[in-house]
1. Examine the stretch 330-349 for a residue that is under 30 Å from residue 96 (Cα atoms), at pLDDT 95 or above, surrounded by 15 or more Cβ atoms within 10 Å (Cβ to Cβ) and out of contact with any Pro (no Cβ under 6 Å at 6 or more places or on another chain), and state whether such a residue exists.
2. I'd like to verify a number: residues in the stretch 34-60 that are open to solvent by less than 40 Å² (accessible area, probe 1.4 Å) and in a helix (DSSP H, G or I), how many?
3. Considering only residues that are touching a residue at least 40 places away in the same chain (Cβ under 8 Å) and either open to solvent by less than 20 Å² (accessible area, probe 1.4 Å) or more than 21 Å from residue 296 (Cβ to Cβ) (or both), which ones fall in the stretch 313-328?
4. Condition first: touching a strand residue (DSSP E or B) at 6+ places or on another chain (Cβ under 8 Å), open to solvent by less than 20 Å² (accessible area, probe 1.4 Å) and in a helix (DSSP H, G or I). Now tell me which residues in the stretch 149-202 satisfy that.
5. Would you mention how many residues in the stretch 242-264 are open to solvent by less than 10 Å² (accessible area, probe 1.4 Å) and within 19 Å of residue 163 (Cβ to Cβ)?
6. Answer with yes or no whether residue 79 is open to solvent by 50 Å² or more (accessible area, probe 1.4 Å), among the acidic types (Asp, Glu) and out of contact with any Lys or Arg (no Cβ under 9 Å at 6 or more places or on another chain).
7. May I ask you to list pairs of residues, at least six apart or on different chains, whose Cβ atoms are under 7 Å apart, with the first in the stretch 243-265 being closer than 17 Å to residue 197 by Cα and the second being surrounded by fewer than 18 Cβ atoms within 10 Å (Cβ to Cβ) and among the acidic types (Asp, Glu)?
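The values are calculated or read from the model by the stated rules, or taken from the named source; none is laboratory data. A quick note: this is a predicted structure, and the numbers were derived from the prediction, not measured. Neighbour counts run over all protein chains shown; Cβ positions are idealised from the backbone, glycine included. When the accessible area is computed, the model is the full protein with side chains, heavy atoms only, and any ligands, DNA or RNA have been set aside. Shrake-Rupley method; radii C 1.70, N 1.55, O 1.52, S 1.80 Å.
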Amino acid sequence: MQEKNKQDIRKLDLAALEHYFISIGEKKFRARQVYEWLWNKSLKNFDDMTNISKTTREILKENFSINHIHVDHFQRSSDGTIKNAVKLFDNKIVESVLIPTTKRITACVSSQVGCSLDCNFCATARLKRMRNLNPDEIYDQVVAIQQEARIYYERPLTNIVFMGMGEPLLNYQNVLAAIEKICSPEGLGISPKRITLSTVGIAKMIRKLADEEVKFNLALSLHSAINETRSRLMPINESNTVEDLADALKHWYAKTKRKVTYEYVIWDGINDDEAHARALVKFCKHVPSKVNIIQYNPIDEGEFRQASADKVALYLQILNAAGIVAKVRKSRGQDIDAACGQLANKNEV
């Protein structure tokens, strides 16, 4: 819990921390020592900072808190996927997932408590957006999964995807600050090439990412390249049309030279026909890209049902014939509601 009248020390950058130590008559280098404990070693309390004097530690405890996350509930799927229900300093809950494969250990992290978007097929969309996550709260999710990878799989974390709860581009500054810390040698030292930010498609923010020439990867939850269908699935398409997204992605590629991944679910009777497949082919021609066809994970007995295997095969045939790389991604962690579109703090639904 955040202690009253105490600032979270991780809100201070290194320069501010140095200024603080000088102000209390301490040596400037103490700031870097504390900074390393907080980020590189992910320490949760001041008492364990063994190279800091007890007197200084007491001063820090009197004036600051460390609002570290707590894994409140842990579930492990029959396929090895791990889901964490993460409690934040204000007792709000988000979920994050460890996804193991033979070659990778991937952390799927959340960026918001709840979500303000209304994608009709997603469990998280049924939650109201309560607040954005702070950079340290995003960072801590990665650290927790990194530790679990070592404990349960004796392997390092290899990849990070921003595909959990919330829309990352609606928490832009905090997400980018978290990624910067994750990639920094003073943080986790993970290459930005191993990080993918997934968005429902907010054209102006994709352009902003491009202008900042970020080094991480971009994935777009597309699901249809026909406006009428996509608006039915994702109301955000009313203000960020397929044409708007195409223009933004052209700008992205011109600035970054990084190909885009399209995440695509095929639903029975909604987008499972040849016209939708050919519209996707046309959209893929705008910039170098690949398509991940994702298995649908039901969230209730509603209108959305996974398309038949022959309809998925039709998509693959049409995409491959057009020279587009497309793969079917099998969902992981369905039995613990950890798969794509299923993340939601169930006691809040």
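1. Within the stretch 330-349, the subset under 30 Å from residue 96 (Cα atoms) is 330-349.
Now drop any that are not at pLDDT 95 or above, which leaves none.
Within the stretch 330-349 (the criterion being under 30 Å from residue 96 (Cα atoms), at pLDDT 95 or above, surrounded by 15 or more Cβ atoms within 10 Å (Cβ to Cβ) and out of contact with any Pro (no Cβ under 6 Å at 6 or more places or on another chain)), the answer is no, since none of the residues qualifies.
2. Here is the first cut: in the stretch 34-60, the ones open to solvent by less than 40 Å² (accessible area, probe 1.4 Å) are 34-35, 37-39, 42-43, 46, 49, 52, 56, 60.
Then keep just the ones that are in a helix (DSSP H, G or I); that gives 34-35, 37-38, 46, 56, 60.
Counting residues in the stretch 34-60 that are open to solvent by less than 40 Å² (accessible area, probe 1.4 Å) and in a helix (DSSP H, G or I) gives 7.
3. As a first pass, look at the stretch 313-328 and keep what is touching a residue at least 40 places away in the same chain (Cβ under 8 Å): 314-315, 318-319, 322, 324.
315, 318, 319, 322, 324 - these are the residues of the stretch 313-328 that are touching a residue at least 40 places away in the same chain (Cβ under 8 Å) and either open to solvent by less than 20 Å² (accessible area, probe 1.4 Å) or more than 21 Å from residue 296 (Cβ to Cβ) (or both).
4. 149, 168, 169, 171, 175, 179, 182, listed by residue number.
5. 6
6. Numbers: open to solvent by 50 Å² or more (accessible area, probe 1.4 Å): yes; among the acidic types (Asp, Glu): yes; out of contact with any Lys or Arg (no Cβ under 9 Å at 6 or more places or on another chain): no.
Spelling it out, it is not the case that residue 79 is open to solvent by 50 Å² or more (accessible area, probe 1.4 Å), among the acidic types (Asp, Glu) and out of contact with any Lys or Arg (no Cβ under 9 Å at 6 or more places or on another chain).
7. 255/211; 255/213; 256/213
One line per residue, one yes/no per condition, for (1) at pLDDT 95 or above; (2) in a strand (DSSP E or B); (3) touching a strand residue (DSSP E or B) at 6+ places or on another chain (Cβ under 8 Å):
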{"residue": "243", "(1), (2), (3)": "yes, no, no"}
{"residue": "252", "(1), (2), (3)": "yes, no, yes"}
{"residue": "291", "(1), (2), (3)": "yes, yes, yes"}
{"residue": "303", "(1), (2), (3)": "no, no, no"}
